[in-house]
Amino acid sequence: MAKVWSKRFDNTLNPFIEKFNASIGFDSKLILEDLDCSIAHAKMLGKTQVLSSSETLQIINGLETIKVEYLEGKFFPSPPAEDIHYCIEEKLISLIGATGKKLHTGRSRNDQVGTDIRLWLRKEIDNLEIIITDLQKSLLNLAKSNIYTLIPGYTHMQRAQPLSLAHHLLAYLEMFQRDRDRFKEVRSRVNTSPLGAAALAGTKIKIDRNFTALELGFEKIYKNSIDAVSDRDFCIEFVSASALLMSHLSKISEEIILWVTDEFSFAKLTDKCATGSSLMPQKKNPDVPELIRGKTGRVYGHLQALLTMVKGVPLAYNKDFQEDKEPIFDTAETISSCIQAMTILLNEGLEFNMKNLSNSVENDFSNATDLADYLVGKQVPFRTAYQVVGEMVKYCLERKILFKNLKIDEFKKFHPEFDEDVFVDLEPVNVVKSRTSEGGTGFSQVEKEVKNWQKKLLS
Ligand code: ARG
């Protein structure tokens, strides 16, 4: 097929270079957005009387026909068209004839492609908002039924202080809320129309940029035509927000992988979300969280690719930008599947092992801070109390016992302020209950937070 520029050239493209140059292999994903963009552009040209009303109608009908054919599976964008934009233009001309050649008046593929990816990304972000909220609801459900379930809390992967399991889960809910907020902010910048910037300088054709922006649901238009066709910040922002989201998913994945090991045994996987081994009959593998953890690297890679793609690229459009699509397409697909897989895993793939969880907090020194705080309550300076308890830990470790196994007179040997009521403070459930500072793991605080989230997510 002859290229649109064939009249200016003497020779045709080397077939390898033709393929190398083409983006139709991946940008056909933008077909619906490209059609909407063209319909809005044609309507605008009709309104400004660049096109007659019958030409406008013919073009719009032609584009609508292409849409129907595509949706009915009768039209597949494919080579030899170089990209989706030429593909649609050629198809339109073949459908309605010469009038189709007027569609590209007053625009360039540069502002066109920028419009298409923004429309596509906006739709993806709207879908992400729904599925991240679903993920939050799953976490909230689990949290709601585990306010009084205790789990060891770790710092440096060493037992630190016991926690309400709900509090632990709500920490993830907070992270995913920040992810939602970030996507919302990215959306507002994605939702800016570059259409009408033309190649880079604007156009002398009578166009109405605000009209097309309104038609396509954009909140505003780019103020500078060069910036409009050069800006790929929004792609980077999208992948950056996605990379952070993946870091959160990867964190919870890693915890689940640990929780279901024989060594931790805090939870087990149900058959719905686990796989067996081809060789070892006893195995039940956590493929879902492992895959999510693994896919995180891919999204980080896309971020690096995009940042490098824009580095040092002069104004305005450069073909480098064709490389923006695959990273954002793959990022959107990857994060969306990971979010949904994690939601399913939380809903039906995980069973907490209540017995092991409560046993685990009974048999460690994670109540050591509380022992020090007990003395603080009796006016002992914290640093002194801390050192007293340090000695006590050593004493117990040497005898292979826990604080609760000490007799009251042994306690008193370490500090005279200790009394019988210390045993109550040492109980893990009381340790957790007492953390009533705002945002702490105390049950009253966690109950309040569960209620807040319920209001926020379920109303
Ligand atoms: N396929 C191109 C892309 O995805 C469309 C824009 C081409 N513009 C140009 N001046 N060659 O970036």
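The values are calculated or read from the model by the stated rules, or taken from the named source; none is laboratory data. As the structure is a computational prediction, the values presented were derived from the model and not from experiment. Counting neighbours? That spans all protein chains shown, and the Cβs are built from the backbone with ideal geometry, glycine included.
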Filtering the range 408-430 down to residues that are under 45 Å from the mean Cα position of the chain (by Cα) and of a type outside the set (A, V, I, L, M, F, W, C), which residue is surrounded by the most Cβ atoms within 10 Å (Cβ to Cβ)? 428
Kindly indicate the residue of the range 73-86 that is farther than 27 Å from residue 46 by Cα and among the charged types (D, E, K, R) and also farthest from the ligand (Cβ to nearest atom) among those meeting that condition. 74
Give all pairs with beta carbons closer than 9 Å in which a residue from the range 317-342 that is without any contact (Cβ under 8 Å) to a residue 12 or more places away in the chain and within 9 Å of the ligand (Cβ to nearest atom) meets a residue that is in a helix (DSSP H, G or I) and of a type in the set (Phe, Trp, Tyr); count only pairs at least 6 apart in sequence or on separate chains. none
For residue 129, state whether it is acidic (Asp, Glu) and surrounded by fewer than 16 Cβ atoms within 10 Å (Cβ to Cβ). yes
If you check residue 360 against the conditions, is it in contact (Cβ under 8 Å) with a residue 24 or more places away in the chain, of a type in the set (Ser, Thr, Tyr), over 30 Å from residue 246 (Cα atoms) and out of contact with any His (no Cβ under 9 Å at 6 or more places or on another chain)? no
Among the candidates 38, 78, single out the residue that is of a type outside the set (A, V, I, L, M, F, W, C) and closer than 21 Å to residue 6 by Cβ. 78
Which helices (runs of 4 or more DSSP H) sit wholly inside the range 1-63 and have at least 2 residues that are charged (D, E, K, R)? 15-21, 31-47
Of these, 292, 257, 236, 226, which one is touching a residue at least 60 places away in the same chain (Cβ under 8 Å), assigned to a helix (DSSP H, G or I) and in contact with a helix residue (DSSP H, G or I) (Cβ under 6 Å, 6 or more places away or on another chain)? 236
Counting only residues that are surrounded by 15 or more Cβ atoms within 10 Å (Cβ to Cβ) and touching a strand residue (DSSP E or B) at 6+ places or on another chain (Cβ under 7 Å), the range 204-233 contains a total of 7
Would you check which residues across the range 64-94 are among the charged types (D, E, K, R) and not in a helix (DSSP H, G or I) and list them? 72, 74, 82, 83
All-but-one check, residue 78 against (1) of a type outside the set (Val, Ile, Thr); (2) farther than 27 Å from residue 15 by Cα; (3) surrounded by fewer than 17 Cβ atoms within 10 Å (Cβ to Cβ), failing number (2)
Being closer than 30 Å to residue 361 by Cα and β-branched (Val, Ile, Thr) narrows 270, 308 down to just 270
Quick one: which of 117, 151 is touching a residue at least 12 places away in the same chain (Cβ under 8 Å), among the aliphatic types (A, V, I, L, M) and part of a strand (DSSP E or B)? 151
Please work out which one of (1) out of contact with any helix residue (DSSP H, G or I) (no Cβ under 7 Å at 6 or more places or on another chain); (2) within 16 Å of the ligand (Cβ to nearest atom) is the condition residue 355 fails and give its number. (2)
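With respect to residue 263, determine if the residue is assigned to a helix (DSSP H, G or I) and out of contact with any Lys or Arg (no Cβ under 6 Å at 6 or more places or on another chain).
Considered against the rule, which asks whether it is assigned to a helix (DSSP H, G or I) and out of contact with any Lys or Arg (no Cβ under 6 Å at 6 or more places or on another chain), residue 263 comes out as no.
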Among (1) modelled with pLDDT of 95 or more; (2) of a type in the set (S, T, N, Q); (3) in a loop (DSSP other than H, G, I, E, B); (4) loosely packed, with under 14 Cβ neighbours inside 10 Å, which single condition is residue 278 missing? (1)
Residue 89 passes all but one of (1) more than 16 Å from the ligand (Cβ to nearest atom); (2) within 37 Å of the chain's Cα centre (by Cα); (3) of a type in the set (D, E, K, R); which number fails? (1)
Residues of the range 154-167 satisfying the condition of being more than 19 Å from residue 426 (Cβ to Cβ) and either in contact (Cβ under 8 Å) with a residue 60 or more places away in the chain or part of a loop (DSSP other than H, G, I, E, B) (or both): 156, 157, 165, 166, 167
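With respect to residue 18, is the statement that it is surrounded by fewer than 18 Cβ atoms within 10 Å (Cβ to Cβ), in contact (Cβ under 8 Å) with a residue 24 or more places away in the chain, of a type in the set (Asp, Glu) and closer than 27 Å to residue 213 by Cα true?
no
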Which one is surrounded by the fewest Cβ atoms within 10 Å (Cβ to Cβ), of the residues in the range 431-459 that are small (Gly, Ala, Ser) and within 28 Å of the chain's Cα centre (by Cα)? 459
